[in-house]
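Can you read through this structure? Questions will come right after.
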Amino acid sequence: MADVDIESELVAHLKPVLDELGAAGVGPEMRPDSPLPFIQVTALPATQELQSWDGRLSLDRLDADVDVYAAKKVTARDVGQAVRARLAVPLASRAATISRRPALTPRPDRNENVRRYGAAVSFLARS
């Protein structure tokens, strides 16, 4: 599997544009005291997509779950759209290439005072 920590890559990719995205923070874990709007990035299990016939080269799919938490639905949607637009920009490290960036859609949350939008994003990385 690829030696790419997609979680930290995405957090680093989104941090420089927090003001542009209208978010107060970005990280791998949303805490009760985190400022809103907050972008949470969680790495999902990786899978192998392709492998060369001799086995020395493979292409892995790295998935990440991206959630936007905000106090208002409009804010969560707008930040979600900005996150999706930012994902069109290549990662600075060039460690992985975006292969799927669906629109962030409403998701349920246990806290009735928080609105959540999210999507599973896929990247391809060579190993």
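Please treat every number below as a calculation from the coordinates, not as lab data. Values in this document were obtained by computation on a predicted structure and should not be read as measured data. Here the Cβ is made from the backbone with ideal geometry for all residues, glycine too, and neighbour counts use every protein chain on show.
How large is the charge dipole for region 6-126, taken about the Cα centre, if only the Cβ atoms of Lys, Arg (+1) and Asp, Glu (-1) carry charge, to the nearest 20 debye?
About 320 debye.
How are the alpha carbon pair distances in region 54-119 distributed across 10 Å bins from zero to the largest one, expressed in percent?
19, 41, 24, 11, 4, 0
Please work out the Cα center distance from region 51-104 to region 112-127, rounded to the nearest Å.
7
Once the other residues with Cβ under 11 Å from the Cβ of V11 are scored (Lys, Arg +1; Asp, Glu -1), what is the net sum? If you can, show how the numbers build up before the last one.
On the way: positive: K15; negative: D5, E7, E9, E29.
Every neighbour counted, the sum reads -3.
Right, another one. With a 10 Å cut-off between alpha carbons and a GNM built on the chain, which of S93, S34, S52 moves the most?
S52
Once you place label points 7 Å from the Cα toward the Cβ at S127 and Q51, how far apart are they in nm?
1.1
Moving to a separate point now. Counting C-alpha atoms alone, how compact is the chain: give Rg to one decimal and Dmax as a whole number, in angstrom.
15.3, 54
What longest range of the chain stays clear of loop-exposed GluC sites (Glu not before Pro) (DSSP non-H/G/I/E/B, at most 13 other C-beta within 10 angstrom)? Write down the numbers at each step before the final one.
Details: sites that count: E29, E112.
Answer - 30-111.
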